[in-house]
Amino acid sequence: MNETLNLKHKFGHGITPQQFMETMETRVMEQSKILNTKDQFLYIYENFSLEKNTDNSFFNSFRNNQDLYCLILCTDWCPDVIWNVPVLFRVMEKCNIPTEVLLMEEHLETMDHFLTDGVRNQPIAVILDKNGNVLGRWGARPAYIQAVMDKFKSSNPDKGAPDYKEKIGKVYGEIGELYHLGTHYQKVILQELTVLFSSIKDFG
């Protein structure tokens with residue numbers, strides 16, 4: 001990622017977190033074992049609490065800071081979005097960081113600045129200063145979950161192999177099972193966001 005990347009021209013071109021939640025389509029994601037994507041998203045959003053997962057003082061320290069902004073690149077048809085974006089929304093609320101959702105298909109040129117191993121994995125949360133300079137990013141998955149996909153891709157480099165689709169389907173199932181184990185993945189997201197925010201200098 002280019003640390004000097006500026007996205008000020010994207011401010012005001014997204015939708016609010018509330019609009020994203022209200023306009024989500026309801027889908028069934030069998031591989032990920034999500035029977036109702038909108039219900040699952042809203043359940044996580046409504047039940048997630050930083051108080052249960054981390055020392056609140058760190059994220060509270062950002063509340064009086066007026067210099068940060070967040071753009072979240074995502075869609076409502078990706079299972080990682082269903083699991084992770086509710087947590088991102090709540091963290092940005094706690095930090096009092098203005099947040100917009102850029103629907104990925106409408107902002108592919110922006111998404112292509114934040115590829116994961118050369119592909120458009122979502123969600124991507126981009127933290128910027130008030131002038132639009134990119135300070136850091138998170139996404140698309142907690143590292144220990146991403147490691148499952150990384151291991152698969154390193155062992156199966158030929159996407160044209162006859163059994164590739166079947167194999168990657170099983171991997172998506174494995175990733176879904178990791179999310180379904182409970183709230184551990186949320187704690188890891190908070191740990192990773194703590195590292196990210198700690199690396200952002202002069203925020204106070």
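The values are calculated or read from the model by the stated rules, or taken from the named source; none is laboratory data. Worth saying up front: this structure is predicted, and the values here are computed from it rather than measured. Using ideal geometry, Cβ is built from the backbone for each residue, glycine included, and neighbour counts are taken over all protein chains shown. For the accessible areas, the whole protein counts, side chains as well, though only heavy atoms, and no ligand, DNA or RNA atoms are used. Shrake-Rupley method; radii C 1.70, N 1.55, O 1.52, S 1.80 Å.
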Legend entry - Those residues of the stretch 62-72 which are out of contact with any Phe, Trp or Tyr (no Cβ under 7 Å at 6 or more places or on another chain), closer than 15 Å to GLU93 by Cβ and modelled with pLDDT under 90, in sequence order: ARG63, ASN64
Inset, instruction - Could you check how many residues of the stretch 100-109 are more than 15 Å from the chain's Cα centre (by Cα) and open to solvent by less than 50 Å² (accessible area, probe 1.4 Å)? - result: 1
Inset, instruction - Would you please name the residue that is modelled with the highest pLDDT, looking only at residues in the stretch 30-60 that are among the basic types (Lys, Arg) and open to solvent by 80 Å² or more (accessible area, probe 1.4 Å)? - result: LYS33
Inset, instruction - Filter the stretch 159-184 down to residues that are in contact with a helix residue (DSSP H, G or I) (Cβ under 6 Å, 6 or more places away or on another chain) and either among the polar types (S, T, N, Q) or closer than 22 Å to LEU88 by Cβ (or both), then give me how many there are. - result: 3
Inset, instruction - With the checklist (1) within 25 Å of GLY173 (Cβ to Cβ); (2) open to solvent by less than 20 Å² (accessible area, probe 1.4 Å) in hand, flag the one item ILE97 doesn't pass. - result: (1)
Inset, instruction - Can you confirm whether the stretch 180-202 contains a residue that is farther than 22 Å from ASN60 by Cα and of a type in the set (A, V, I, L, M)? - result: yes
Inset, instruction - Considering only the stretch 114-140, state which residues are within 21 Å of ILE200 (Cβ to Cβ), assigned to a loop (DSSP other than H, G, I, E, B) and either open to solvent by 10 Å² or more (accessible area, probe 1.4 Å) or in contact with a Phe, Trp or Tyr (Cβ under 7 Å, 6 or more places away or on another chain) (or both). - result: LYS130, ASN131, GLY132
Legend entry - Filter result for the condition that a residue is outside any helix (DSSP H, G or I), β-branched (Val, Ile, Thr) and either closer than 16 Å to ALA140 by Cβ or touching an Asp or Glu at 6+ places or on another chain (Cβ under 9 Å) (or both), over VAL91, VAL101: VAL101
Inset, instruction - Go through (1) more than 19 Å from the chain's Cα centre (by Cα); (2) at positive phi and name the single condition GLY182 misses. - result: (1)
